[in-house]
Amino acid sequence: MTNAEYLYARLREAGCTPQGAVAVLANVQAESAFIVNNLEDRFNRSLGISDEEFVRRVDAGDTNLWMTQDLGFGIYQITYWSRKQKFLNYVKSKGASIGSLEAQVDFMIKEFKEDFPGIWNMLCTSTDLVACTDKLLVQWENPAVKDYNNRRSNAQNWYAKVNQLEANVGKGTSSTQTSTANGGGVKKMTKNEAVKKVLDIARAEIGYHETGDNVTKYAAEMDRTNWYNGPKNGFAWCDVFYDWLFYKAFGDSLGKQMICQPSGSAGAGCLYSANYYKQAGRWTNVPEDGAQIFFTYSPGEYSHTGIVESVNGNTVTTIEGNTSDQVARRQYAVGSSNIAGYGIPRWELATGSSSSEPVTPVTPSSGGSDSSSTPSVDNSIIRKGARGAKVKELQEKLISLGYSCGPDGADGDFGNNTRSAVIEFQKKAFPGDESEWDGEVGPKTRAALEEALKNKDSGGSATTVLNSAPAENNFKNGEIVWFKGGKFYVYCDRDKVRGESPAGNVKLTIIRLGAKHQYHVTRISGSEAKAFGWVDRDQIEVI
């Protein structure tokens with residue numbers, strides 16, 4: 001039984017209506033993702049302490065630490081000093097740990113009945129889900145971040161699962177965690193419970209967006225734990241997100257062992273993480289829930305990763321960090337050529353199994369999956385962080401359509417400039433449909449690109465791109481030419497200025513005869529010229 005299912009069953013047994021119980025779940029999910037020993041993240045940072053160490057010290061008698069002003073803790077983030085004092089007195093009277101799920105839920109119900117009788121009465125009588133959720137929001141939780149819509153959405157999502165939740169009511173409930181006093185940790189659980197624990201944390205993070213260029217709360221917390229061989233905030237964070245899930249679910253030592261990483265791990269990078277699984281014999285081409293999925297866009301490289309949420313038929317559903325700079329749910333064909341393989345965590349370390357559960361192996365390669373299983377339809381998605389031939393081909397197509405991929409042109413590296421170019425194309429290809437403006441190239445965007453190229457080459461909205469200009473122009477793609485200096489433009493057919501550059505050598509990458517600005521150039525190493533964009537015929541000359 002998961003922590004969410006346990007909480008729901010306890011609330012129903014205490015008298016709440018299904019709608020009232022679900023409203024509580026919605027708030028708890030937003031506050032802690034049902035992580036019992038969850039210390040508010042900013043205090044992890046300011047105090048330099050992990051959740052587990054915090055529980056150990058408070059259970060050992062560090063009252064001053066517990067009463068730190070505004071510190072929030074537990075599944076519903078008890079914060080105000082008088083409530084924290086009551087809770088601490090309560091768990092002491094029961095001989096329990098502050099990290100006990102049972103003790104926290106007992107106190108929650110006790111507090112509702114004694115200190116919030118009006119709210120409790122509504123939770124026990126009302127069948128209006130929205131009213132219950134809003135009353136908790138305004139009169140009980142009143143979160144500092146007014147994410148009301150998020151919590152209302154949580155409530156709707158949980159209510160859709162109410163039949164599943166009801167199956168546990170009345171069967172007797174017991175926590176999936178033991179007291180963490182005296183160094184106790186996670187109680188042995190089934191593999192399904194362990195997998196669901198990690199996935200519940202991942203689902204609660206969907207929608208989180210990086211706060212700067214590759215700056216996230218996940219890397220910040222992992223840096224504090226010294227999980228890796230050095231600080232990682234500011235680096236690509238898809239792999240960090242997966243590691244963080246296991247850190248939050250099982251702690252530093254156990255979490256690291258479960259995903260086959262050593263002390264001082266280099267596993268913030270996809271290639272290193274993949275190799276750790278291979279060295280441990282935990283690498284496979286068969287997906288399963290909770291596995292770490294690895295993507296490749298060029299042989300020998302692992303460019304992106306995420307966690308497998310579910311496998312249904314020929315579709316793998318994932319939750320991924322650093323996809324369009326956020327945490328999001330994605331889907332792929334099982335046989336996609338961009339899926340390199342899967343790392344299977346050592347679930348037996350959490351379940352208490354005597355030996356490692358076998359995986360269906362695949363011979364590790366330099367990247368990529370068995371081409372024989374690749375479907376005829378390309379359902380792959382190319383996104384920020386990808387590298388290789390497919391990215392270079394994409395960039396060449398975008399540039400030929402008039403979208404700049406940055407100063408380095410078609411370099412095979414999908415960075416911010418390429419993502420911006422994709423978004424600009426998507427805005428033109430799918431006007432009014434902002435859901436498609438995600439900067440990622442999947443089947444729909446790929447088809448739109450091919451259609452745009454077809455129209456251009458047949459004399460449609462864009463002019464034909466030639467491999468070389470007519471002889472009298474004395475130019476051809478790929479050659480180095482002299483840029484006389486001046487303005488360069490974002491588009492070949494519009495006067496949107498990207499910038500100005502001094503004179504110097506540049507590389508000619510695209511020629512579009514008949515366009516307003518006919519020549520696309522990129523800067524080259526050692527040259528004074530910094531132009532990267534579309535320029536006029538009279539701005540360049542043969543060297």
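One residue stands out among those in the stretch 277-300 that are surrounded by fewer than 20 Cβ atoms within 10 Å (Cβ to Cβ) and assigned to a helix (DSSP H, G or I): the one that is modelled with the highest pLDDT, which is 278. Within the stretch 23-37, the set of residues being more than 17 Å from residue 165 (Cα to Cα), within 20 Å of the chain's Cα centre (by Cα) and of a type outside the set (Gly, Ala, Ser) comprises 31, 35. Taken together, 175, 126, 100 contain a single residue that is modelled with pLDDT of 85 or more, among the small types (Gly, Ala, Ser), closer than 16 Å to residue 3 by Cα and in contact with a Ser or Thr (Cβ under 9 Å, 6 or more places away or on another chain), which is 100.
Would you check if residue 505 is in contact with a Ser or Thr (Cβ under 7 Å, 6 or more places away or on another chain), modelled with pLDDT under 75 and either of a type in the set (S, T, N, Q) or outside any loop (DSSP other than H, G, I, E, B) (or both)? The answer is no for residue 505. When restricted to residues that are of a type in the set (Asp, Glu), under 21 Å from residue 55 (Cβ atoms) and touching a helix residue (DSSP H, G or I) at 6+ places or on another chain (Cβ under 8 Å), the stretch 80-132 contains 2.
Within the stretch 479-497, identify whether any single residue is surrounded by 22 or more Cβ atoms within 10 Å (Cβ to Cβ), of a type in the set (Val, Ile, Thr) and within 42 Å of the chain's Cα centre (by Cα), and answer yes or no.
Scanning the stretch 479-497, I find no residue that is surrounded by 22 or more Cβ atoms within 10 Å (Cβ to Cβ), of a type in the set (Val, Ile, Thr) and within 42 Å of the chain's Cα centre (by Cα), so the answer is no.
It is to be established whether one or more residues within the stretch 315-333 are at positive phi and acidic (Asp, Glu). Scanning the stretch 315-333 turns up at least one residue that is at positive phi and acidic (Asp, Glu).
For the stretch 67-82, filtered to residues that are within 11 Å of residue 98 (Cβ to Cβ) and out of contact with any strand residue (DSSP E or B) (no Cβ under 8 Å at 6 or more places or on another chain), the residue that is modelled with the highest pLDDT is 74. Among the residues of the stretch 424-442, what is the count of those that are in contact (Cβ under 8 Å) with a residue 12 or more places away in the chain and either basic (Lys, Arg) or surrounded by fewer than 17 Cβ atoms within 10 Å (Cβ to Cβ) (or both)? Total satisfying the criteria: 1.
Evaluate the following for residue 332: is it outside any strand (DSSP E or B), of a type in the set (Phe, Trp, Tyr) and in contact (Cβ under 8 Å) with a residue 40 or more places away in the chain? No: the conditions fail for residue 332. Residue 60 meets the conditions (1) at pLDDT below 85; (2) more than 35 Å from the chain's Cα centre (by Cα) in every case but one. The failed one is (1).
Name the residues in the stretch 478-502 that are under 20 Å from residue 398 (Cα atoms) and outside any loop (DSSP other than H, G, I, E, B), would you? Across the stretch 478-502, the qualifying residues are 488, 489, 497, 498, 499. Checking the stated criteria, residue 105 turns out to be under 17 Å from residue 200 (Cβ atoms), in a helix (DSSP H, G or I) and among the β-branched types (Val, Ile, Thr).
Within the stretch 8-22, the residues that satisfy the criterion of being buried (at least 24 other Cβ atoms within 10 Å of the Cβ) and part of a helix (DSSP H, G or I) are 8, 11, 20, 21, 22.
The values are calculated or read from the model by the stated rules, or taken from the named source; none is laboratory data. As the structure is a prediction and not an experimental result, all values here were calculated from the model. A quick note on method: Cβ atoms are made from the backbone with ideal geometry, for glycine too, and the neighbour counts reach across all protein chains shown.
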